[in-house]
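First comes the structure, then the notes that go with it.
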Amino acid sequence: MKNKLVTIVFILIELILFPFAVFVFPNNRILQYMGVVIAFIYSIYSSFKKDDQLIITVALFNTLIADLFILVLNKYIEVGMIFFIITQLVYFFLIFKNEEKRKAIIHLSYIGLLLIGSLTSVIILLKDNLNMVIIESCIYGTLLITNAIFSFTNFKLFKTVSIGLLLFIMCDLGVAYGFLKDMGLIYIEFISNLPFNYVWLFYLPSQALISLNE
């Protein structure tokens, strides 16, 4: 009963925080960061009662550090991306260790092929604008996409994690759009004129769901 009460309180806090972080104060980075901190704290609590929760807590901790650099401090983006890559490596370990040998080999093959393909594409298409953040984003994106795909192949074990990783992808598509827009490579008026924070529309729920790990 106590465990359920804590979970209900956590969900209520995130639900109350969500409209303020996304719609009311869409540019308030501290408010948004609070949502990630709360998810991490809940994950620490849950790590005492779930087998894989400690691994997820480690992943959320790295997310917390990454967001500190990228979201709160808004500098040292390259360092923040390293911590996001570590986050996805932790999720990879979580998923990989629960896979049978055949699926694990396929998982590794997908990572290799997607990484080679993404790096080759950005080198060809963005050779004049290539930088460390773009290279890091390819590594990070490869891990995130493959983690999401293979978590769904074991959905019974990773229900909320699978959905959380999918929302993570939706969030990062918004981040990628903003990055490419700032580089002058793309502009979609509808997205740019949205009156709310479309990135956090997906990101905050993703962190909450991953921390639940039900």
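The values are calculated or read from the model by the stated rules, or taken from the named source; none is laboratory data. As the structure is a prediction and not an experimental result, all values here were calculated from the model. All Cβ positions, even for glycine, are placed from backbone atoms using ideal geometry, and neighbour counts span all protein chains on display.
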Query raised in the report: Does Ile86 satisfy being surrounded by 17 or more Cβ atoms within 10 Å (Cβ to Cβ), without any contact (Cβ under 8 Å) to a residue 60 or more places away in the chain and assigned to a helix (DSSP H, G or I)?
Result: yes
**Report entry** Within region 13-46, considering residues that are surrounded by fewer than 18 Cβ atoms within 10 Å (Cβ to Cβ) and of a type in the set (Ser, Thr, Tyr), the one nearest to the chain's Cα centre (by Cα)
**Finding:** Tyr33
Query raised in the report: Could you say which residue among Ile191, Ile124 is under 26 Å from Leu15 (Cα atoms), free of Cβ contacts under 8 Å to residues at least 24 places away in the same chain and surrounded by fewer than 16 Cβ atoms within 10 Å (Cβ to Cβ)?
Result: Ile191
Query raised in the report: Consider Asn27 against the criteria (1) over 18 Å from Tyr91 (Cα atoms); (2) assigned to a helix (DSSP H, G or I): it satisfies all of them except one. Which criterion is unmet?
Result: (2)
**Report entry** In region 153-191, the residues that are part of a loop (DSSP other than H, G, I, E, B), within 19 Å of the chain's Cα centre (by Cα) and of a type in the set (Val, Ile, Thr)
**Finding:** Thr153
Report task. Scan region 57-74 and give yes if some residue there is assigned to a helix (DSSP H, G or I) and over 26 Å from Ile134 (Cα atoms), otherwise no. Result -> yes
Query raised in the report: Going by the conditions given, is Phe196 at pLDDT 85 or above and assigned to a loop (DSSP other than H, G, I, E, B)?
Result: yes
Query raised in the report: Taking Ile65 and the conditions (1) out of contact with any Cys (no Cβ under 8 Å at 6 or more places or on another chain); (2) over 30 Å from Asn28 (Cα atoms), which numbered condition does it fall short on, given that it satisfies the others?
Result: (2)
